[in-house]
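The values are calculated or read from the model by the stated rules, or taken from the named source; none is laboratory data. Just so you know, these numbers come straight off a predicted model, no measurement behind them. Note that each Cβ is placed from the backbone with ideal geometry, even for glycine, and that neighbours are counted across all protein chains shown. Surface accessibility is based on the protein's heavy atoms, side chains included, excluding ligands, DNA and RNA. Shrake-Rupley method; radii C 1.70, N 1.55, O 1.52, S 1.80 Å.
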Amino acid sequence: MDWDDNAEEAAFRSEVRTLIGRRLPTYYRDRSVQLRRRTHRPWQGDRIALEPERQEAAHAWREALVERGWVAPHWPAEYGGAGLTVREQFILNQEMALADAPDIGGLGTQMIGPTLIVHGSDEQKRRHLPEVLAGRVIWGQGYSEPGAGSDLASLQTRAVRDGDEYVVNGQKIWTTLAHQADWLFVLTRTDTDAPKHRGISLLLMDRATPGISIRPLVNMADHHIFNEVFFEDVRVPAENVVGEENRGWYVAMTLLDFERSNVAGGVRAKAQIRLILDEARGREQASGRRLALPVRGLLADRYIDTEVVQQLSARIASIQARGLVPNYEASMGKLFASELSQKIAIAMAKALGLYSQLTDADEPRTPLHGYVGYQYMESVSSTIRGGTSEIQRNVIATRGLGLPRS
């Protein structure tokens, strides 16, 4: 298969690079600033930050992408997207990742927006899609519960119909960046007598609704990314159900397939390898000692792995180009990419030695402002979030290989 750009694609790639070169704020170009960041969605926090520099950078970058319709370039033009081809989307994601430019819209563009296009009502599309495209609304995901992680269908958060509303009670956990979100999409149980994969509905909730409370969960790297979310007699309009009542499990699976597509993952993984190679070369020149041969081989292996991730992403893009939703193919990409993130973290730590474990950005002996130490700890969760590696292997086995369920 030929992955080279044709004339039109090359012109589009040049257009993307020009926009990044002219409009990406200096704040996002400063490597020392970005290496100190402790979140995988920097723009989402910058838009509500107290520091003027962060807010201004977030606003300027949002405006640059909104002008081109590139906040959600994969959405059809009728919904306010750029209506780009899948190949153009692939190019845009590649170039954004190469420049380490932050995405705009977060889960709104990557997950709930595409899901509303497939399953949402006309009113839901009219109300929510323009707000996401304008960068005015950020979404959070309410899926996992203390007793329903990998076995998500065991969720117990209840939504009881009361006239034109649902009354919701329960708890969600590991809700990424919920404290920064404006709206939540939440899986709830609406029929307790049905089998566990049925009787589930997906509700859209304004985070400001009375009865919703959010408590922080600090991760092992000492940063607040996750949250617990509690629902106490939260009243949600019945019109906020996505798709059919009690058929939310199928809607949720569509959403997860979008989440696991991860087109830019390979580019970002390769950027990590290049970052470490640059740092290692500088150390070699300063000390006169080359990296040990096993470590050099380890970095080479990981670089090859990043090429594999990009091929898996390209396969997913080709499926989307045919108007289909990737299924087990998305699980293959997610599985390989999440496990690779851990392997890269280990390779980075070995390349930079014991000081790579330091995370204090202001400690003179800390390499790359603590980036490596943080990534080593943060990557632990990569094989859990978005569906564990075990779940992905089950999906690949049953849906991809046709093996019987155990």
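Helix 248-259 and the longest principal axis of the C-alpha atoms of the chain enclose an angle of approximately 20°.
You can think of it this way: the chain between residue 301 and residue 217 has 26.8 nm of extra reach, that is 0.36 nm per residue less the Cα-Cα gap.
Projecting the Cα atoms of 380, 397, 348 onto the charge dipole of region 295-406 (Cβ charges, centred on the Cα centre) puts 397 farthest toward the positive pole.
Any chance you could check the Cα centroid distance between region 143-172 and region 1-54 for me, in angstrom? Answer, in whole Å: 37. Rounded to the nearest 20 debye, the dipole size of region 144-189 about its Cα centre is 140 debye, using +1 on the Cβ of Lys and Arg and -1 on the Cβ of Asp and Glu.
When only Cα pairs below 8 angstrom with a gap of at least 6 residues are kept, the chain shows a relative contact order of 13 percent. Taking a straight line from the alpha carbon of residue 350, these lysines sit under 18 Å away, with near neighbours fewer than eight places off in the same chain left out: 270.
Averaging Cα coordinates gives a centre for region 59-135 and one for region 389-406; these two points are 31 Å apart.
What a 1.4 Å probe finds exposed on region 1-131 is 48% carbon and sulfur by accessible area, rounded to a whole percent. Which longest run of the chain has no exposed loop site in it, a site being trypsin sites (Lys or Arg not before Pro) in a DSSP loop with at most 10 other beta carbons within 10 Å, and the site itself not part of the run? Answer - 1-288. Cross-link partners for residue 172 among the lysines, with Cα-Cα distance under 18 Å and sequence neighbours closer than 8 places in the same chain left out: 196.
Top to bottom by accessible area (1.4 Å), largest first, where do 100, 305 land?
100, 305
A 1.4 Å probe run over the chain, with the rest of the protein chains in place, finds 47 Å² accessible per residue. Axis of helix 328-352 versus longest Cα principal axis of the chain: the two differ by about 40°, to the nearest ten degrees.
Please give the charge dipole size of region 260-317, origin at the Cα centre, charges +1 on K and R Cβ atoms and -1 on D and E Cβ atoms. Round to the nearest 20 debye.
It works out to roughly 40 debye.
The charge dipole of the chain, taken about the Cα centre with unit charges on the Cβ atoms of Lys, Arg (+1) and Asp, Glu (-1), comes to about 1140 debye, rounded to the nearest 20.
Dipole orientation for the chain: of the candidates 146, 70, 272, 272 has the Cα lying most toward the positive pole (charges on Cβ; Lys, Arg +1; Asp, Glu -1). Taking the C-alpha atoms only, the angle from helix 122-133 to the longest principal axis of the chain is near 20 degrees. Considering only the Cα atoms of region 257-363, their convex hull presents on average a projected area of 7.7 nm².
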